[in-house]
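Q: Provided herewith is a single structure, encoded as structure tokens, for subsequent inquiry.
The values are calculated or read from the model by the stated rules, or taken from the named source; none is laboratory data. Quick caveat, the model's predicted, so the values are computed rather than measured. Here the Cβ is made from the backbone with ideal geometry for all residues, glycine too, and neighbour counts use every protein chain on show. Side chains are part of the model used for accessible areas, which takes the heavy atoms of the whole protein and leaves out ligands, DNA and RNA. Shrake-Rupley method; radii C 1.70, N 1.55, O 1.52, S 1.80 Å.
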Amino acid sequence: QLQLVESGGGLVQPGGSLRLSCAAFGFTLDSYAVGWFRQAPGKEREGVSCISSSGSNTDYVDSVKGRFTISRDNAKNLVYLQMNSLKPEDTAVYYCAADFGHYCSGFVVYEYDYWGQGTQVTVSS
């Protein structure tokens with residue numbers, strides 16, 4: 001069974017931090033670029049960040065640049081999203097997704113092969 005599982009979401013105050021994790025089961029992530037996406041109620045799913053299979057290249061949506069950092073540990077089959085200086089506008093369900101190939105294909109949803117179930121991030125006072 002091939003699956004991705006996100007963890008690390010929760011409730012934080014504005015200005016706080018969270019680290020999300022994405023674990024792969026049934027396949028090896030080192031052949032995949034990995035993206036993080038988020039979806040708030042009533043809004044379209046949007047790309048947040050992506051990382052190449054080796055970890056050498058990363059991309060971020062403008063709204064999170066300087067605040068979020070994507071990283072990976074292929075030996076542990078894990079990808080992370082460190083989120084700092086969180087804002088209420090960051091509130092959403094966050095998903096990780098795997099795209100077969102070495103490099104990020106961008107934030108086009110249909111190009112990603114596997115998706116996790118999502119983890120809720122709520123930023124509120």
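Q: How many of the residues making up segment 62-82 are in a loop (DSSP other than H, G, I, E, B) and over 15 Å from residue 23 (Cβ atoms)?
A: So the answer is 3.
Q: Another question about this same structure. Which of the residues belonging to segment 83-108 are open to solvent by 60 Å² or more (accessible area, probe 1.4 Å) and not in a loop (DSSP other than H, G, I, E, B)?
A: 88, 89, 100
Q: Separate question: So residue 73 fits all but one of (1) out of contact with any strand residue (DSSP E or B) (no Cβ under 6 Å at 6 or more places or on another chain); (2) closer than 17 Å to residue 28 by Cβ; (3) open to solvent by less than 40 Å² (accessible area, probe 1.4 Å); what number is the exception?
A: The single condition residue 73 does not satisfy is (3).
Q: Residue 73 - would you say it is at pLDDT 95 or above and of a type in the set (Asp, Glu)?
A: Yes.
Q: Next question, about the same structure. Quick check on this structure: which one of 123, 79 is in contact with a Pro (Cβ under 6 Å, 6 or more places away or on another chain), under 26 Å from residue 11 (Cβ atoms) and not acidic (Asp, Glu)?
A: Only one candidate passes the filter, namely 123.
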